[in-house]
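The values are calculated or read from the model by the stated rules, or taken from the named source; none is laboratory data. Computed from a predicted model, the values in this text were never measured in an experiment. No Cβ is skipped: glycine too gets one built from the backbone with ideal geometry, and neighbour counts run over all protein chains shown.
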Amino acid sequence: MLPSTLQCSLDAAHRCNPRTPATLCPHDGAPLLVRYPSTEMSPEDVARGPATMWRYRRLLPIAPGEEPVTLGEGATPLFRAPALERELRLDVPLYIKDESQNPTASFKARGMSCAVTCAQRLGAQALVAPSAGNAGAALAAYGARANIPVTVFLPRDTPPTLIEASRTYGAQVELVDGLIDEAGRRAAAHARETGAFNVATLREPYRTEGKKTMAYELVETLGAVPAAIIYPTGGGTGLIGMWKAFDELQAAGWIGDERPRMIAVQAEGCAPLVRAFEAGADCAERWDAARTAAWGLRVPATLGERLILHALRASHGAALAVDEEAMRAGMNALRSREGIDAGEEGGATLAALQALCDRRKRFSGPVVLFNTGSALTYGTRAA
């Protein structure tokens, strides 16, 4: 259904009109969150929907009868991982949510499908975004589907496969010296100069809505809330979206007040959220000289820091940093033990679970690891 309002994530009293293009809260620059006039969404309605994330359209920003800009995103498999359960000596089920099976081979497809659908409805004539690689390819693909021109700003050292993916989907690609935050500054300047709508992470409210459907799918598939979600966290839109989704599912009567422990995983070479979590801080300072082979985790600062840290603490969760060797070992184990086409980010979640098991942390129920994208998008660097 169409949103009733866009609410400031920092001060709930501040609202924006969802019928016009919106970026950040004009009062304090905080991300906006979509709110709906009703939280009704029955399992029967969902079951009658398509085998995509748009089966949850009653709690997605789309009008009745409106066709989404879709390539079949969502409804990704949730695999039980028995071999890893045995190796880790887990006494609870372990699952892997395999987002590599989305269009453009990553979870970014969910957010871009929703963002481009809303941008098209609101009259956007062009789209722009910064990216570490996967988001750019997804935006380019959905822009092509909607026949809206796309410009993507990428760090110059982005893997060639990802640069080429954005180009072959038809985007204008601009390479930038520096990291994704510099690409973000260039994208923002481009938006101001040209009027293109900026769909950078959390600088518009609709990518979060697409990614929250990962939590809807978990609950629909498992029939309950998992005990823990271990999630590779760069910009954090997926974690923020899922935390929002559990509140919506409770309001819709699907679940009670139970929540999973949200566990964010970052790379040791770029761990601003881990540092802030361990320090008890509400904000995360920028990480200087960020280095990691997990391009999706090479995010030195995120606009969603407060929302992420709140979710981790409210859920009695955690934030862990893993080194490159452990990340690569996790990626290879997911591939060789379970047949999952895992990238480094997915490998990071298994490395984090291994670290928790080594510390003898126990879980009260199912644990879900997120593989957010395919290693193939990086040029198949598994070894």
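Residues of the stretch 163-171 include none that is modelled with pLDDT of 95 or more, assigned to a helix (DSSP H, G or I) and at positive phi. Tell me, yes or no, whether the stretch 60-79 has at least one residue that is polar (S, T, N, Q), in contact with an Asp or Glu (Cβ under 6 Å, 6 or more places away or on another chain) and under 17 Å from residue 122 (Cβ atoms). No - not one qualifying residue is present in the stretch 60-79. In the stretch 91-107, what residues are closer than 22 Å to residue 228 by Cβ and aliphatic (A, V, I, L, M)? The answer is 92, 94, 96.
Of the residues making up the stretch 65-84, those that are among the aliphatic types (A, V, I, L, M) and more than 21 Å from residue 339 (Cα to Cα) are 69, 71.
Checked against the criteria, residue 158 counts as of a type in the set (Ser, Thr, Tyr) and under 22 Å from residue 233 (Cβ atoms). So which residues in the stretch 190-225 are in contact with a Lys or Arg (Cβ under 6 Å, 6 or more places away or on another chain) and small (Gly, Ala, Ser)? Result: 210, single match. Looking at the structure I just gave you, is residue 186 within 29 Å of residue 289 (Cβ to Cβ), over 19 Å from the mean Cα position of the chain (by Cα) and modelled with pLDDT of 95 or more? In short, yes.
In the stretch 135-157, of all residues being assigned to a helix (DSSP H, G or I) and either out of contact with any helix residue (DSSP H, G or I) (no Cβ under 6 Å at 6 or more places or on another chain) or at pLDDT below 95 (or both), the one that is surrounded by the most Cβ atoms within 10 Å (Cβ to Cβ) corresponds to 143. Within the stretch 158-168, restricting attention to residues that are of a type in the set (Ser, Thr, Tyr) and touching a residue at least 60 places away in the same chain (Cβ under 8 Å), the residue that is surrounded by the most Cβ atoms within 10 Å (Cβ to Cβ) is 158.
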